[in-house]
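A short write-up of the structure that comes next.
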Amino acid sequence: HIMLAFFRWIIFPWAPKAGNYTRGSLMFHQKIMVDVLAKYSLLYAHSMYASAYTNIYLRMMGCKVGKRVECSNLFGFTPGLTEIGNETFIADFVGLNPPEVFRGILTLGMVRIEDRAFVGTGSVIRPGTTISKGCLVGLSSFPTRDTAAGETVIGSPGFTMPRAKSSDENDAARFNPT
């Protein structure tokens, strides 16, 4: 992973910007190259993922990662256009800001996962989406819009499901267990 970060910053410096890029553009090829390298990183260094090193790796790649984040193995993330808030949980095989290519046009956008959000296994968070504070994105879900604070989104395409808060829920016990 250190080699990948070295490649990303020294050999092949890349500063992604949100927007649409044609197949012939430098940004298109840079994004594809970083994705291929990250894919091989996931394949050959799988044991590093879902460990304390994942957050360090994401920061080295240029993602903004908050405090006390638990993040498993991501795919398709775009360094520089991905922000993960404090006390957030990202489950296994989440596509966090994967590239969208349609008719030769690559779309890149900022993805923000705000504080205390939960993104379930196999979910895909597309470019330009914000998952708000306390939001829950269910297993294999695909939110098609920004979420409201505390919202639960499930399904593909994602739809909102009502969530009742129990009177015995204790945020301190959930986010700071003893």
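The values are calculated or read from the model by the stated rules, or taken from the named source; none is laboratory data. Here the structure is a predicted model, which is why all the values come from computation and not from measurement. Cβ placement follows ideal geometry from the backbone for every residue including glycine, while neighbour counts extend to all protein chains displayed. For the accessible areas, the whole protein counts, side chains as well, though only heavy atoms, and no ligand, DNA or RNA atoms are used. Shrake-Rupley method; radii C 1.70, N 1.55, O 1.52, S 1.80 Å.
With the requirement that a residue be part of a strand (DSSP E or B), hydroxyl-bearing (Ser, Thr, Tyr) and open to solvent by 20 Å² or more (accessible area, probe 1.4 Å), what does region 124-158 give you? Break it down into steps so the answer makes sense when it comes.
Kept after step one, since they are part of a strand (DSSP E or B), are these residues of region 124-158: 124-125, 130-131, 136-137, 152-154.
Next cut, hydroxyl-bearing (Ser, Thr, Tyr) only: 130, 152.
Within region 124-158, Thr130 is the sole residue that qualifies.
Counting only residues that are part of a loop (DSSP other than H, G, I, E, B), touching a Leu at 6+ places or on another chain (Cβ under 9 Å) and open to solvent by 70 Å² or more (accessible area, probe 1.4 Å), region 13-39 holds 2 of them. Evaluate region 4-12: report whether one residue or more is in a helix (DSSP H, G or I), within 17 Å of Phe77 (Cβ to Cβ), modelled with pLDDT of 85 or more and among the hydrophobic types (A, V, I, L, M, F, W, C). So far as region 4-12 goes, no, none of its residues is in a helix (DSSP H, G or I), within 17 Å of Phe77 (Cβ to Cβ), modelled with pLDDT of 85 or more and among the hydrophobic types (A, V, I, L, M, F, W, C). Kindly indicate the residue of region 53-73 that is part of a strand (DSSP E or B) and either of a type outside the set (A, V, I, L, M) or touching a residue at least 24 places away in the same chain (Cβ under 8 Å) (or both) and also surrounded by the most Cβ atoms within 10 Å (Cβ to Cβ) among those meeting that condition. Only one residue fits best here, namely Cys71.
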